[in-house]
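The values are calculated or read from the model by the stated rules, or taken from the named source; none is laboratory data. From a predicted model like this one, the values you see are computed outputs, not experimental measurements. A quick note on method: Cβ atoms are made from the backbone with ideal geometry, for glycine too, and the neighbour counts reach across all protein chains shown. In case anyone asks, the SASA skips ligands and DNA or RNA and just uses the protein heavy atoms, side chains included. Shrake-Rupley method; radii C 1.70, N 1.55, O 1.52, S 1.80 Å.
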Amino acid sequence: MINYVYQLVSPQVFSVKYEDIAFEDKVIIRPKYMAVCHADQRYYQGKRDRKVLRKKLPMALIHECCGEVVYDPSDTFSRGEAVILIPNVPGEKKSGIYENYAKGAAFLSSGRDGFLQEYIALDPNRVVSAGTVPGNIAAISEFVSVAVHAAGRFQKLSHACRDRIGIWGNGSLGFVVACVLRKLYPESKIIVIGRNERKLTYFSFVDEVYKPEELPEDFAVDHAFECCGGEGSYTAIEDIIRVINPQGTVMLMGVSENRVPVNTRDILEKGLLFVGSSRSGREDFEKASEFMQDPMVQNRLRLIIYEDAPVTSIDDLHRVFHNDMNTPFKTVFRWEI
């Protein structure tokens, strides 16, 4: 079976590759909706190191995707069933190590072709049912699963005093983390700290919102999630160390291309626990799908989704990536090539 793969060959240049799909033991899925991630944009805009671009490209982008089952020889899924695609390629299995951190693990759209293809062939354990989640929301399931993974690790590692949980960052990641924590800890006060006043208005379901320079002198949290990344990582981590209570847990989720200085003296004095959290595994995808079945959660997620016009050509792909630069949160599009 011949498949069309839409690869980025150099920044802002796509090309079509034709390849055979060996589908005897694979679930064949027709992609329906996809979402653009900051990582996709960095490749598309050429904002990665040149050595990285030479190593990674050509490559099909996109790792956030849902679709429809066309064929499944394992009978795990029915023909036409709505599913969520898992971009992780499992590596070494070792007790206590999550699949997203395992040695030898790989990730689609990061060194291997992502989901910009006519059809996708995956092992059954790399596919999760989308249930009743609408396609334009199911498209961001991978993104939601990242927040679910971080919340799960936080639940296992943090101490039981969770009266006040702070989230630094008012972008898409901060919003989804806030959604997950709101449902997981309904009795806790969820506080969001962000620089963009307009974006902060979207967080109506949390207890408090602040701009960093407006934090009260006596402001404190028991635990914190850093969701800024980039140039904002340094100031966010600095603020967190200053205001967090002793023995608090800090979940580091924002990706920074540059080194970030950290105040180790106060980390030691307060006995803080810093946890790096990235990507997610099958269990997180299953929990994310379950989480998104809730109509209230769907309504909240709709607030951060901009659905672009369907993609029917490579020109449309360029339009989506350019439009995404001007949308405040997540860009989703229907795949109709």
*Kindly provide the trypsin sites (Lys or Arg not before Pro) of segment 101-162 that DSSP labels as loop, not H, G, I, E or B, and whose Cβ sees at most 14 other Cβ atoms within 10 Å.*
103
*asked:* To test your reading of the geometry: what angle, between 0 and 90 degrees and rounded to tens, separates the Cα axis of helix 141-157 from the longest principal axis of the chain?
replied: 40
*Skip the ligands, DNA and RNA, and give the accessible area per residue of the chain with a 1.4 Å probe, whole Å².*
46
*Proximal aspartates and glutamates to residue 211, defined as alpha-carbon separation beneath 13 angstrom and excluding residues fewer than eight positions away on the same chain*: 197, 239
*asked:* Need one word for segment 134-281: rounded, prolate or oblate. Basis is the Cα gyration tensor (sqrt eigenvalues a ≥ b ≥ c); a/c below 1.5 gives rounded, then a/b vs b/c decides.
replied: rounded
*Of the heavy-atom accessible surface of the chain (probe 1.4 angstrom), what whole percent is carbon and sulfur?*
48
*Give me the distance between the Cα centres of segment 274-337 and segment 43-87, rounded to whole Å.*
13
_As an exercise, identify the trypsin sites (Lys or Arg not before Pro) in segment 222-327 lying in DSSP coil whose Cβ has no more than 13 other Cβ atoms within 10 Å._
259
_Rounded, prolate or oblate, given the Cα gyration tensor of segment 194-286, with a/c below 1.5 counting as rounded?_
rounded
*Mean separation of Cα contacts under 8 Å (6+ apart) over length of the chain, as relative contact order %*: 18
*Quick one: what are the phi-derived ³J(HN,Hα) couplings along segment 321-337, Karplus 6.51/-1.76/1.60 with θ = phi - 60°, whole Hz, x for glycine and proline?*
5, 6, 5, 4, 5, 10, 9, x, 10, 9, 9, 10, 9, 7, 8, 10, 6
*Take the Cβ-Cβ distance between residue 319 and residue 201 as r, set R0 to 30 Å, and report the resulting FRET efficiency rounded to the nearest 0.05.*
0.60
*Count the lysine pairs in segment 50-206 whose Cα atoms sit under 24 Å apart, keeping only pairs 8 or more residues apart in sequence or on different chains.*
12
